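Structure record follows, encoded as structure tokens.
The values are calculated or read from the model by the stated rules, or taken from the named source; none is laboratory data. As the structure is a computational prediction, the values presented were derived from the model and not from experiment. Every residue, glycine as well, gets a Cβ built from its backbone with ideal geometry; the counts of neighbours run over all protein chains shown.
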Amino acid sequence: MTETVYTGAQVDRIIASGGKFLRTLSQHPTIMHLMLGLGYSAEAHAEGWRLYLPLIGYDQNGTTPAVSAPLVNATEQHKALLEVDQFDDNAFKRSKAALEHLFPAQALYMFRGLEARKGVESLGSTTIYLDRYVALRDGTDPERKGSRKEDKKAAAELEARNIITPEKEQHLRALIELAQQLAPEPVVVDMTDQEIRMQKAAGALKAWLDDWRETAAAGITRRDYQILLGLAKRRGKKKGEVAEPGKGTA
């Protein structure tokens with residue numbers, strides 16, 4: 001097995017970069033001519049395709065590679081954190097819009113000093129949101145005795161819009177509790193023979209790409225050629241800028 005273990009996302013990026021580089025050279029004789037002047041050759045080009053094709057499922061023996069399983073099991077804590085993190089931004093926006101429209105006093109209560117957070121911080125922001133939702137729903141805040149009727153209506157509006165419900169509240173609290181636990185050491189799963197071959201193929205293509213992409217980057221200066229080869233990205237238009245006639249269009 002190779003020393004470097006590539007994740008599925010890394011393999012995908014290697015495949016994408018390799019395909020773009022090889023297709024560009026195959027389809028653009030002018031760029032190929034420049035590369036030939038930098039030491040590239042028909043043999044190097046054939047080697048690139050030989051390394052690339054098995055990674056996209058082409059096997060000269062007629063077999064189809066199996067879908068690779070994750071090399072490392074994702075922890076349940078990470079999954080829980082991800083779900084909570086994905087919840088708070090959307091739910092906060094929808095809740096604030098609804099309450100500011102129909103129950104402005106309750107909106108002030110729910111979102112006083114509260115905003116969506118990212119990553120681990122979302123556990124805290126979501127907990128505050130849930131606690132305030134429960135206070136509106138169940139009247140548990142002693143300082144809001146005079147507004148319990150409207151508070152209950154506000155909570156019911158959030159539930160009617162399926163932003164938060166008692167069931168979602170319990171589910172999110174369970175996720176938050178799980179995400180706050182000490183994560184265990186990741187368990188490394190033994191790779192199958194097919195996965196080992198995939199790792200070796202990805203490493204071989206990456207080594208080939210690193211060589212010839214660096215060569216191209218050093219020797220080809222035209223930006224449009226660099227973009228075609230995947231060595232540079234198109235610049236976005238500046239705010240208010242209008243493309244000149246004949247430019248910026250395909």
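Residues that are at pLDDT below 90: find the helices (runs of 4 or more DSSP H) completely inside the stretch 147-233 holding 3 or more of those.
Working: elements: 148-160, 166-179, 193-219, 223-228.
Output list reads 166-179, 193-219.
Identify all residues within the stretch 112-138 that are farther than 25 Å from Leu178 by Cα, at pLDDT below 95 and not basic (Lys, Arg); write none if there are none.
Of everything in the stretch 112-138, just one residue is farther than 25 Å from Leu178 by Cα, at pLDDT below 95 and not basic (Lys, Arg), namely Gly113.
Looking at the structure I just gave you, is Glu43 loosely packed, with under 15 Cβ neighbours inside 10 Å and at pLDDT below 85?
Here the answer is no, as Glu43 does not meet what is asked.
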